[in-house]
Amino acid sequence: MRDSSLLKHLTSGSIVTACCVLGLLYFGRDVLEPLALAAILSLVIAPLIRGMRRFGLAHLPATLLSVLIVGTCVVGLSTILAFQLVAVSRDLPRYRAAIRTKVAAVREMTERPFARIEAELSAVSPQERGNTVSARRGITTVTVSPTQPLPVEIRQPRLTTSDQIARLFSMAWGPLGEAGLVLVLLVFISLEHESLRDRLIRLAGKDDIGRTIRTLSDAAEGVSRFFFSQFIVNITFGTLIGLLLWLAGVPHAGLWGALSGMLRFVPYLGIMAAGVIIAIFVAAIDPGWQLAISCIALFLALEMFVANVVEPKVYGHSSGLSPLAVIVSAVFWGALWGPVGLLLSTPLTLCLVVAGRHVRGFEPVTILLGDAPSVTGAQRLYQRVLAGDTYTILRDARAYLRRASFARYCDQILLPGLAMAGGDLRSGRIESSQLDTMRTTIASVATMLAPDAAKPTRSRRRRDVSLLDANLGAHLRKMRENRHGRWQGSLDVPAHSIVLCAALPAERDEVLSELLVRALREADIDARSITLGDEDTPGADKAELVSTVFLPYPLEDNLAPWLSAARALRDALPTVLLATIKLPFDQSSVTQAAVENHVDIVLRSFEEALAFVAPERPART
């Protein structure tokens, strides 16, 4: 993985550049807003243009027809909303009595507790000496100012018809002019998609042509597909809300459905604002509260269904941004560009996140705002092991083990994380207190994830503390022997039914051996572990019970003892299969040629080991 430390990007030049970019975004928003809106809309209608081109239309007719369809829909929807708003404003006086009743009821419910508290405090507090009310004589003294200001009302002169038309035209000219500018830019950007791509590739140069093509491909296909899918989902959501409100008898249901669909483009805040507006209107038109509660329940149920069921199936679990990043981007772009920035916050930030996957200059944006942290599962495990966060490690591990085996968990997460810890330990970057925390955390995780895990008693935990401090692998084997006996199970088993995981008396080898035993036992294989050189063994007459022996791959400093142990195993168990596992991330510099002549096979992972011995597994009764 590339080193993407943010500190390397925080130079004086980068800070000055960022400030200049922020200033350009703020002061140049009159020019940049229509450009950004047109570019995002071009990505939205790009799938529609590609679909029309598949039916045989040329690029120019497909683009113009797509823009015409979108423009017609926008104009038609705006016209309908305008008429609906006029109708709502005309009907508001009919709901005035209900609104006043509801406001009075809500005010009474909210003010009553505070009024009671104020009355109780006033009853127990002493009266001030300068009170204007005399309790003894019952006389109230009111001080009146000798001079009262005279109210002055300033009235604007009555506007003529021509003045009203001019004022209305000036109010509408700004939005209409900006909409026309966005429409023109949308047409030309959509027509020049291929040309713009070629220009950007030429601008990037020959060295970065592959990265530029991947970036543009993600933006043109992946991002545009997401925007188009989001557009369809939101329009469908608004249509369903309008239909449900119409069936419930709510007036102007089309307006509230369209409002819900449009506000849903604003992340989080939009859908909450739509719900509040609908709740207020429904509460105003109905004397009681039943209709308002029913409509809000339907609104929330549909939103939860769309957000948790429909959206993950249509365009993935999220927009590619973390939930916090969506809120932060909304605040940032809203502060820069106002309502337009709030509407474009998610698309603009998503484009930056996509660019950061391929362009190193934008990589900090992807790291900070992306939905998936830029760390592997092994790195995350190592960080939590250093912090002693056993609960989170077990939670993530159990979620992983619901869809994969413990052998794969070891290959992809646990063993790579331990390899990182070993590298930092050899380089002296781990303190003694951290090492103790790591040992305790790894022991707890390995014990709790065992297929036959049992909660150790307090006496056992006290007895094994010194062993844990000395050798983690020996501690794990001791814990298993406490549960299953000295030989880790019965010796009255069929011949060639035991898989033996042998290890040299070193912590690294014994940890690997114990983890392999747990991975094999999860697959219902009778796996057991021994330490080579231990004189306390079952005896030579039990050798026929063993079918396979696994040896951890040797390090350069214990190659000679490893070779001696391999020869001893070969002499003592001539009929068994002898295998070793060379993990891809292992730091051993011993070549495979120096090992493979002493074993039957060299495997690459725990999963390969599991597959290697699985056919030899006897049928259990």
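Just so it is clear, none of the values below were taken in a lab; they were calculated from the coordinates. Bear in mind that the values here come from a model prediction, so they are computed numbers and not experimental data. Glycine also receives a Cβ, built like all others from the backbone with ideal geometry; neighbour counts cover every protein chain displayed.
Directionally averaged projected area (the stretch 375-449, Cα convex hull): 4.6 nm². Lys and Arg at +1, Asp and Glu at -1: add these up for the other residues within a Cβ distance under 13 Å of Arg384 and post the number. With Lys, Arg at +1 and Asp, Glu at -1, the neighbours total 0.
Near Ile40, once Lys and Arg are set to +1 and Asp and Glu to -1 for all other residues with Cβ below 14 Å from its Cβ, the sum equals 0. Ordered by the number of other Cβ atoms lying within 10 Å of each residue's own Cβ, fewest first, Thr447, Thr17 fall into the sequence Thr17, Thr447.
Length available on full extension from Ser427 to Val328: 0.36 nm per residue minus the Cα-Cα distance, which gives 31.7 nm. Here the spin labels are modelled as points 7 Å beyond Cα on the Cα-Cβ line, and at Thr591 and Leu247 they lie 7.5 nm apart.
Taking label positions 7 Å along the Cα-Cβ direction at both Arg380 and Thr239, the computed distance is 3.8 nm, reported to one decimal. The local environment of Ile430, defined by Cβ-Cβ distances under 13 Å, has a net charge of 0 under the rule Lys, Arg +1 and Asp, Glu -1. For Val21 and Cys73, what is the calculated FRET efficiency with R₀ set at 35 Å and r taken between the beta-carbons, to the nearest 0.05? With R0 = 35 Å, the Cβ-Cβ based efficiency is 0.50. You can think of it this way: the chain between Asn482 and Asp524 has 13.2 nm of extra reach, that is 0.36 nm per residue less the Cα-Cα gap. Nearest 0.05, what FRET efficiency do Arg90 and Val276 give at R0 = 25 Å with Cβ-Cβ as r? Calculated value: 0.65.
How do Met438, Met304, Met52 rank when sorted from fewest to most other Cβ atoms within 10 Å of their own Cβ? Going from sparsest to densest Cβ surroundings: Met304, Met52, Met438.
Exposure proxy ranking for Leu65, Leu247, based on other Cβ atoms within 10 angstrom of each Cβ and starting from the fewest, stands as Leu247, Leu65.
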